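S.K.: Below is the structure I would like to discuss, written out as structure tokens.
The values are calculated or read from the model by the stated rules, or taken from the named source; none is laboratory data. Predicted, not measured: the structure shown is a model, and the values here were computed from it. Cβ sites come from the backbone with ideal geometry, for glycine too, and all protein chains shown count toward neighbours. Accessible surface is based on the protein model in full, side chains and every heavy atom, while ligands, DNA and RNA are left aside. Shrake-Rupley method; radii C 1.70, N 1.55, O 1.52, S 1.80 Å.
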Amino acid sequence: MEIDAAVVREESGPFEIETLELDDPQPGEVLVRVVGAGLCHTDLAVRDQYYPTPLPAVLGHEGSGVVEAVGEGVTKVAAGDRVVLTFDHDGTCRNCREGDVAYCDDFFAHNFAGRRVTDGSSPIRDDGEDVSGMFFGQSSFATHSIATERNVVPVGDDVPLELLGPLGCGIQTGAGAVINTLDPQAASSIVVFGTGSVGLSAVMAADLKGCTDVVAVDLMESRLEKALELGATHAIDPTSVDDTVDAIHEHLGGGADYSVETTANTDVLRQAVDCLRQNADCAVVGAPPLGTEVELDVNNVLFGRNVKGVIEGNSMPDLFIPDLIELYRAGKFPFDELVTYYDFEDIERAIAEQEAGEAIKPVLRVSEP
């Protein structure tokens, strides 16, 4: 079938809407009409080839939509079901069998190869030539997407479908880093470095978990103001203090119980570790280019400071995404306050406004719900 899709054809090139061909679903696959697609930093990292998904490519990995057809053997969803699209995994490795699907042994192949793992083919073509598709098992910057049965999550019809796409990656990443990985104790302190959509999701989760000191650190005043609206108790602009770590220690009367690093900046990661009290935990979420290394003071780490990498919020999406929707329904996780909607053809404007700090979480309206 013919689809319209946002295609990146060269490193750091623009997203351009083109008409392409999409396969029918193969066994185990699902055809989804995309309603909304969130814009995530990882899409831009691949555009810039920090991660080597072959170009040209259709990216997008925070999709939501309606199932139009299913391939042979699919039982999880049927035509007409509303779904959120999330990351893919093999379902067979030890980590997947134990429920740790975010740490699938074959995560990169299933999410960054742009090809089916089964035979190396792509479901998207341009005049017979393959265009990388199935990015994160979905390539949702398109009017229609081929996903796998594993990475579609059925959702109800009482929440706006176009809102739900960011739950597939960015929102669940920030919230899950706090809820699933750090699991902070009530009345504890936490510092969140970076208050984009991932960091603000972490702030909301920390408030939800009962942290009484929630410190947000960012360079953008508008995002710090939003953090204070969503549960942060204190905000720090690093340019307004002599030393960020000293400012955190002074505010808390000592180190923090927990920290979350979302910026992918190695200097900030060092601060996220150094701001901790002894026997405290740092969750590392920000993803810099492959091969990036960081320097830590080993003697600082020896005093019980734990550094834990977190992929996709350490979540089981079939369970965690519905949980986040329930919290949203209850008014306890207002992630809609992060979202700014854009028409699909305005994808480049959405990117520019996100990078300028004018939009926290752009969501593209691809088709009618």
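S.K.: Please tell me if residue 245 is of a type outside the set (Gly, Ala, Ser), open to solvent by less than 30 Å² (accessible area, probe 1.4 Å) and part of a strand (DSSP E or B).
M.R.: No: the conditions fail for residue 245.
S.K.: Select from segment 43-60 the residues that are in a loop (DSSP other than H, G, I, E, B) and without any contact (Cβ under 8 Å) to a residue 40 or more places away in the chain and write down the one among them that is most open to solvent (accessible area, probe 1.4 Å).
M.R.: So in segment 43-60, the residues in a loop (DSSP other than H, G, I, E, B) come out as 48-56, 59-60.
Filter once more, keeping what is without any contact (Cβ under 8 Å) to a residue 40 or more places away in the chain: 48-49.
Numbers: 48: 32, 49: 62 Å².
This residue is 49.
S.K.: State whether the residues of segment 279-288 include one that is open to solvent by 70 Å² or more (accessible area, probe 1.4 Å) and closer than 23 Å to residue 211 by Cβ.
M.R.: yes
S.K.: So if I check each of 88, 106, 100, which one is under 24 Å from residue 20 (Cβ atoms) and either at pLDDT 95 or above or open to solvent by less than 20 Å² (accessible area, probe 1.4 Å) (or both)?
M.R.: Only one candidate passes the filter, namely 88.
S.K.: Kindly list, by first and then second residue, each pair from a residue in segment 201-217 that is over 16 Å from residue 180 (Cβ atoms) and free of Cβ contacts under 8 Å to residues at least 60 places away in the same chain to a residue that is surrounded by 24 or more Cβ atoms within 10 Å (Cβ to Cβ) and of a type in the set (Phe, Trp, Tyr), limited to pairs with Cβ atoms under 9 Å and residues at least 6 apart or on different chains.
M.R.: Matching pairs, first to second residue: 216/193; 217/193.
S.K.: So which residues in segment 36-95 are more than 13 Å from the chain's Cα centre (by Cα) and hydroxyl-bearing (Ser, Thr, Tyr), if there are any at all?
M.R.: Those that are more than 13 Å from the chain's Cα centre (by Cα) and hydroxyl-bearing (Ser, Thr, Tyr): 50, 51, 53, 64, 75, 92.
S.K.: For segment 351-369, how many residues are among the acidic types (Asp, Glu) and under 19 Å from residue 335 (Cα atoms)?
M.R.: 2
S.K.: Which one is most open to solvent (accessible area, probe 1.4 Å) among residues in segment 248-271 that are within 26 Å of residue 332 (Cβ to Cβ) and among the aliphatic types (A, V, I, L, M)?
M.R.: Per the stated criteria, the residue is 252.
S.K.: Which one is farthest from residue 17 (Cα to Cα) among residues in segment 121-132 that are open to solvent by 40 Å² or more (accessible area, probe 1.4 Å) and in a loop (DSSP other than H, G, I, E, B)?
M.R.: Filtering segment 121-132 for residues that are open to solvent by 40 Å² or more (accessible area, probe 1.4 Å) and in a loop (DSSP other than H, G, I, E, B), the one farthest from residue 17 (Cα to Cα) comes out as 128.
S.K.: Would you check which residues across segment 76-99 are touching a residue at least 60 places away in the same chain (Cβ under 8 Å) and over 27 Å from residue 8 (Cβ atoms) and list them?
M.R.: Across segment 76-99, the qualifying residues are 76, 77, 81, 82, 99.
S.K.: So, one more: Quick check on this structure: which one of 95, 111 is open to solvent by less than 50 Å² (accessible area, probe 1.4 Å) and out of contact with any Cys (no Cβ under 8 Å at 6 or more places or on another chain)?
M.R.: Answer to the check: 111.
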